[in-house]
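Colleague: For reference, the structure I am asking about is given below.
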Amino acid sequence: MNVYVPDYLPAFRCIASACRHTCCAGWEIDIDAESLARYERLPGDFGERVRRGISRDGAEGTPHFLLTADERCPLLRPDGLCELILREGEDALCQICRDHPRFRSFYSCRVEMGLGLVCEEAARLILTSPHPLRLIPLPGTALVPETPTEDERYLFALREAWIASLPLQGPEARLMETLILRHLGEAVSDGRLDERIGFIHRAFDAITDGWKDGQIATLAERARVFSDLVEYDDERLEAWVAGESTEDVMEQLARIP
């Protein structure tokens, strides 16, 4: 199956200790079966420490790292670096850590992958892109013939026309394009096209309405907070898609200078 990504995605690199909002804190980090098996084989004191930091209690018994009292991954060092990477290399990361902040939209004939605005470096990369959104095949992959469904053809055409006609420039246009890429495709599976379109507009307005200083860093922070509170919270996301702009999110955005 073909995989398409925005042309800026291959340039994304985690900024590790330079990140002000590490993704290694405040999240329950689930561990996939392959990674768990690898961690069970890690030798020595470090292997024992990794295993002590893993819990199998929780929703459906999914293994996950036990967060510390300040809600940090037990393998996150005080300097913001991951001890697992330093000792075993990046390929030792569990799937969710390797993927973040990437998201995927699945269609009958293709997969589209993007970067989530919840990551400050991803937001910076997206908002500073010099041209409208362009999807390219994932580097290193060969394309195969595609046969999209009728609904998918309609959605792809709608998305292309919407992006081409945006009355926006610069970072605001990049923001809207990213919201379209992430959320419009959901209408193929749930049939809620009008609601998805309405949500995209409300999300854009919520992020940009308080953006007064014109600085990309400020817009990126507003996008990061919105994404964290709404895109990664199923209950809030459903409320926003259904037409409710929840007060708690607006209050958080209002606190950003």
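Coordinate-derived values only; no laboratory data. If you're wondering where the values come from, they're calculated on a predicted model, not measured in any experiment. In this analysis, Cβ positions are derived from the backbone assuming ideal geometry, glycine residues included, and neighbour counts consider all displayed protein chains.
Colleague: For segment 24-99, take every pair of Cα atoms, bin their distances at 10 Å starting from 0, and report each bin as a whole percent.
Modeller: P(r) over segment 24-99, rounded to whole percents: 18, 60, 21, 0.
Colleague: Choose one answer from 81, 175, 143: the residue with the largest mean-square fluctuation in a GNM of the chain with alpha-carbon springs under 10 Å.
Modeller: Its mean-square fluctuation being the largest, the pick is 143.
Colleague: Find the relative contact order for segment 24-99 and round it to a whole percent, using C-alpha pairs within less than 8 Å whose residues are 6+ positions apart.
Modeller: About 37 percent, as a whole number.
Colleague: Another one. May I ask you to derive the relative contact order of the chain, considering only C-alpha pairs under 8 Å and at least 6 residues apart, and to give it as an integer percent?
Modeller: Value for the chain: 20 percent.
Colleague: Could you tell me which GluC sites (Glu not before Pro) in segment 218-257 are loop residues by DSSP with no more than 14 other beta carbons within 10 angstrom of their beta carbon?
Modeller: 244
Colleague: List the trypsin sites (Lys or Arg not before Pro) in segment 32-112 that DSSP assigns to loop (not H, G, I, E or B) and whose Cβ has at most 13 other Cβ atoms within 10 Å. Which are they?
Modeller: Listed in order of number, the matching sites are 56.
Colleague: Unpartnered cysteines of the chain (Cβ-Cβ under 4.7 Å counts as a partner)?
Modeller: 14, 19, 23, 82, 94, 97, 109, 119 - these cysteines have no disulfide-compatible partner (Cβ-Cβ under 4.7 Å) in the chain.
Colleague: Measure out, as a whole number of angstrom, how far apart the alpha-carbon centroids of segment 230-252 and segment 155-207 sit.
Modeller: Their Cα centres are 17 Å away from one another.
Colleague: Only counting other Cβ atoms within 10 Å, I'd like 4, 154 sorted with the fewest neighbours first.
Modeller: Least crowded to most crowded, the residues run 154, 4.
Colleague: Could I ask something else about it? Looking at segment 118-193, which GluC sites (Glu not before Pro) are in a loop (DSSP not H, G, I, E or B) and have at most 15 other Cβ atoms within 10 Å?
Modeller: Taking segment 118-193 and a limit of 15 other Cβ atoms within 10 Å, the loop GluC sites (Glu not before Pro) found are 146.
Colleague: Average projected area of the Cα convex hull of the chain, in nm²?
Modeller: 15.5
Colleague: With runs of 4+ DSSP H residues as the only contributors, calculate the mean residue ellipticity of the chain at 222 nm using -39,500 (n - 2.57) per run, divided by the residue total and rounded to the nearest 500.
Modeller: -13000 deg cm²/dmol
Colleague: Given the options 111, 230, 144, state which has the largest fluctuation in a GNM of the chain using a 10 Å cut-off (strictly under) for Cα springs.
Modeller: Maximum among the listed residues: 144.
Colleague: Counting other C-beta atoms within 10 Å, which of 226, 46 has the fewest, and how do the rest follow?
Modeller: 46, 226
Colleague: With the chain treated as a Gaussian network of Cα nodes joined by springs under 10 Å, which of 214, 243, 80 yields the largest mean-square fluctuation?
Modeller: Top of the fluctuation ranking is 214.
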